[in-house]
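Contents: one structure, followed by commentary.
The values are calculated or read from the model by the stated rules, or taken from the named source; none is laboratory data. Bear in mind the structure is a predicted one, so any value in this text is a computation, not a measurement. Positions of Cβ are generated from backbone atoms using ideal geometry, with glycine treated the same way; all protein chains shown enter the neighbour counts.
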Amino acid sequence: MLDIKRQVIKIAGESGQGVNSIGEIVAKAIKKSGFHTFGYREYPSLIKGGHAFHQIDFADHPINSSSRATDVLVCFSRVSFHAYLPTLRSSGQVIHMLPQLELTDTERQLVREKKIKIGYLAAGDLAQEAGGKTIMANVVMIGALWKLMALKLEPLIEVVRSEFAAKPNVIEPNINCLKKGHGLKLKDLETLKITFKPQASCQHDALLTGNHLIALGAMASGIRAYFAYPMTPSSSILSYMADTYHETGMLVKQIDDEISVAQMAIGAMFMGTRALVATSGGGFDLMTESVSLAGMTETPFVCILGQRPGPATGLPTWTSASDLNLALYAGHGEFPRCVIAVSNSKSAYTVIQNAFNLAEKYQIPVIVLSEKQIAESLFQVKELEDNVTIERHLAEGKKLTTLESGDRYKNTKSGISPRWLPGANEATFVANSDEHAADGSVTEDSEAALTMYSKRLRKLEFLRDELPDPVLVGPQKSVLTFVSWGSTRNTISDVIDLWNKAHPKKSVNLLHYEYIYPPKTSKLLDLIAAAQPLVLLENNAFGQLGALLTAHTRYQFSDKLLKFDGRPFFVEELIEYLEAKLKY
Amino acid sequence: MQDCNCNNPLHVHFKDYFSENINTWCTNCGNYGIQAAIKRALVAEKIKPCRTLLCFDIGCHGNGADKIDGFRFHGLHGRVIPFASGAAVSNRKIKVIAFGGDGGSLGEGVNHLVSAIRSNYEVLFILHNNLNYGLTVGQASPTTKAGVKMNASPDGISSDPIHPMRFVLSLHPAFAARTFSGDIHHMTKTFQTGLRHKGFGFIEVLQSCPTFNHMTPHEWYQKRVKDVNKIKNYDPKNIGKAMQIAEDLETQIAIGVLYQNPDSVPFMERQANRLKAKTELTDEVRQFSTEKLFDAFR
């Protein structure tokens, strides 16, 4: 198979063994050593036990996806050893701290066939020898990992110092444990051959999750209130908003249920501030009546829908892109809405800012889809993109002072009527969930109802014109074009780079939909007209984007690559697909 | 946010709340009195229509959303409290009043009432308690008395009713009052006290429904209501006493301000990170520099 030009470290253990915090320390230290990283987490929905890992892929070029196979597995627990041993690549290595570890016959055969090397450290004892506590065993382990990678210890020490800055008395023992691990002779293991060179330019990059980026983007766009009920994978937005609220001065409030969350946000937006909410599929189900209310009363509403596999509780801590249909069709009745899906670190920060501008301009609900794969993965980012300018589209100046009640839902060409806030003008109005006349007064007259219904739906046409087209990632000309949305963009982009360099005559590209609804079809129709081979790539079983595009183009996707086991697409999977498809 | 340029903000008349839309309630509906009283209370408290947000739930009372002036929002069944709370926290310069019925507020949306009392959002909530679902033509509500024959309950209600004031007082609200739709003067005074209260105010209006509630018509209430003001030395700061006096809904029904916590701290004054804020959330929507927060991830 094609060389994937990256190294993969997997830190594995039980939930509660600090897998994630150690994983983040390792990722930061590798980044500080001058590499591009991508951090991916798999963990069960429980507080203690089970098995979990934090995987760090690193390379000398930007990467935003994960490899299926591991080069070095660092193991803190027996369960995780047995669970992840099969993920090792040929000549892969394991560092573990499990005395009297017994392998099954199958595992012994696997180790023989793949020439896997296994090294044991009595890490708990070593931690005590170094003056630390037994719980610092995992720090000894990463010291040994550094020795195996032949990387300088200073960046790792620097990261540990800053991670424990709040607990100064544990810094020195932890550093002594690192040094202890780093000073060991790893007789059963072999120094890792990192064939690519570090770059000083990476050292100052930031490492943060998609949820951090979404939260930062929302802050940049001027949100002043955040309401949420915790639900994976969106809960960390709530935590981060709360942890930073002294800096932002924002109102951050955990609410008792998602119905209230949506209603409070609509109330806040109606009064005239910007409020954000985020949830996952189950929570969004409860919000759907409110989405419909926002549509009818023409009140802006922005909701992050962080996807995980359903139905029902599904796989709470795993990834999926199966709620596009929910976002597209949630809420009774017909009304305009906008559905956008973030994909990478750049879009996580900017899309949410555009979402607020669109919600306020068109006075509609805007649903921003994310996925656990984006929400909780660690992206390496050099700088944030420039902020999107805040555009509120509220009536102001002389226009504001001359408004009358009947202007609020005035029938206009674009369907967009003047919007003003309670207290901004003496002209009052009623925002009515019943069908209404121009000042919001209830009406059941057929002509008036038809006028208002049509006015609202007309906004959709203008919105469609304004939305950006899907983007073509990769070369303009290719032998095959993937069509996708969401986090799949990251894996396919990484693969496109590798593939096209290796096979310039059989290059592939991607038509990526970020702004999904109302759908833009002209670029797709051009490809269809040119008889370009298309492959639909989605993290769901129904091919939900495909179905939407079929409805709007009549094109049937015959080639589909769909994955719905709770895992993202891994690099090797797409390479294998291309090798089989394009006959290598 | 740009504020309206009310020429004389203190000059407000009853007619300012007039709407040309014609009320669609039944003859003798309690809603007429409640609407008149809220207008009077707003005028007496010198609150102009452009400085108030009246939020309506779904039901007969909600059909009055466009029959009164002011900024108004007519939302979804059972959801008026969280909507009004979200609005209220965003701009305290606008007086937020929420109206709900016994179905929406004590059945489908009862959790919202609990949350709002606990959080003490600055909302005056007026419960139109007419003991039935009027707009869906006379089914039982959570306050319909047990055994009463209603639409869809031909042999009488098999569930026991909720006692709204017992329920609310058990949550230790900041303000709890009861009044009667047949007494516009009493309602006006009670609403006025509610409008002056800081924090979440709960006012139960015992509302007659001449069409569907034949058990407790206007006259029935009129004979039984007794203002706590007429009780010697009634202390509305004593929640134990309030619980006692609120209990009777059959022989002598206490009306007036039953309980008021003089130390009520409204929601926005409980926010540790906003104690020094001089502006409202609606005034603060502007570009925020994320540079410092982003640098912490380097």
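The figures follow:
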item: Only one of A:Asp526, A:Asp559 that is surrounded by fewer than 18 Cβ atoms within 10 Å (Cβ to Cβ) and within 13 Å of A:Phe482 (Cα to Cα); result: A:Asp559
item: Answer residue from region A:430-473, given it is within 14 Å of another protein chain (Cβ to nearest Cβ), part of a loop (DSSP other than H, G, I, E, B) and within 40 Å of the chain's Cα centre (by Cα) and is nearest to B:Phe71 (Cα to Cα) among those; result: A:Gly440
item: Tally of residues being over 20 Å from A:Gly314 (Cβ atoms), out of contact with any strand residue (DSSP E or B) (no Cβ under 6 Å at 6 or more places or on another chain) and more than 9 Å from every other protein chain (Cβ to nearest Cβ) across region A:216-239; result: 1
item: Among residues of region B:56-79, those that are under 16 Å from A:Met269 (Cβ atoms) and more than 8 Å from every other protein chain (Cβ to nearest Cβ), counted; result: 0
item: All positions within region A:42-63 that are surrounded by 23 or more Cβ atoms within 10 Å (Cβ to Cβ), closer than 26 Å to A:Ile492 by Cβ and not acidic (Asp, Glu); result: A:Phe53, A:His54, A:Gln55, A:Ile56, A:Phe58, A:Ile63
item: Residue within region A:559-579 that is in a loop (DSSP other than H, G, I, E, B), closer than 25 Å to A:Asp469 by Cβ and not hydrophobic (A, V, I, L, M, F, W, C) present; result: yes
item: Number of positions in region B:110-163 that are among the small types (Gly, Ala, Ser) and either surrounded by fewer than 16 Cβ atoms within 10 Å (Cβ to Cβ) or within 14 Å of chain A (Cβ to nearest Cβ) (or both); result: 9
item: Restricting region A:114-149 to residues that are farther than 21 Å from A:His54 by Cα and among the hydrophobic types (A, V, I, L, M, F, W, C), the residue that is surrounded by the most Cβ atoms within 10 Å (Cβ to Cβ); result: A:Ala127
item: Looking only at region B:80-93, and only at residues there that are over 16 Å from B:Phe125 (Cβ atoms) and facing chain A (nearest Cβ under 7 Å), the one that is surrounded by the most Cβ atoms within 10 Å (Cβ to Cβ); result: B:Ser90
item: Any hit, region A:15-32, residues being modelled with pLDDT under 95, closer than 23 Å to A:Ala137 by Cα and crowded, with 23+ Cβ neighbours inside 10 Å; result: yes
item: Which listed residue, of B:Leu53, B:Leu42, is under 30 Å from A:Glu396 (Cβ atoms), within 12 Å of chain A (Cβ to nearest Cβ), modelled with pLDDT of 95 or more and under 19 Å from the mean Cα position of the chain (by Cα); result: B:Leu53
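Each row is one residue, and each column tells you yes or no for (1) touching a residue at least 40 places away in the same chain (Cβ under 8 Å); (2) assigned to a helix (DSSP H, G or I); (3) outside the structural domain of A:Ile364 (by TED's automatic domain parsing); (4) out of contact with any Asp or Glu (no Cβ under 8 Å at 6 or more places or on another chain).
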position	(1), (2), (3), (4)
A:Gln476	no, no, yes, yes
A:Arg489	yes, yes, yes, yes
A:Ile492	yes, yes, yes, yes
A:Val495	yes, yes, yes, yes
A:Lys501	no, yes, yes, yes
A:Asn509	no, no, yes, yes
A:Lys520	yes, no, yes, no
A:Gln532	yes, no, yes, yes
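Each row is one residue, and each column tells you yes or no for (1) without any contact (Cβ under 8 Å) to a residue 60 or more places away in the chain; (2) aromatic (Phe, Trp, Tyr); (3) assigned to a loop (DSSP other than H, G, I, E, B).
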residue: B:Cys209; (1), (2), (3): no, no, yes
residue: B:Asn213; (1), (2), (3): no, no, yes
residue: B:Ala254; (1), (2), (3): no, no, no
residue: B:Val257; (1), (2), (3): no, no, no
residue: B:Lys276; (1), (2), (3): yes, no, yes
residue: B:Phe288; (1), (2), (3): yes, yes, yes
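Quick grid of which residues meet (1) among the charged types (D, E, K, R); (2) assigned to a helix (DSSP H, G or I); (3) surrounded by 24 or more Cβ atoms within 10 Å (Cβ to Cβ):
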{"residue": "A:Met269", "(1), (2), (3)": "no, yes, yes"}
{"residue": "A:Ala278", "(1), (2), (3)": "no, no, yes"}
{"residue": "A:Gly282", "(1), (2), (3)": "no, yes, no"}
{"residue": "A:Asp285", "(1), (2), (3)": "yes, yes, no"}
{"residue": "A:Thr288", "(1), (2), (3)": "no, yes, no"}
{"residue": "A:Ala294", "(1), (2), (3)": "no, yes, yes"}
{"residue": "A:Val302", "(1), (2), (3)": "no, no, yes"}
{"residue": "A:Ala312", "(1), (2), (3)": "no, no, no"}
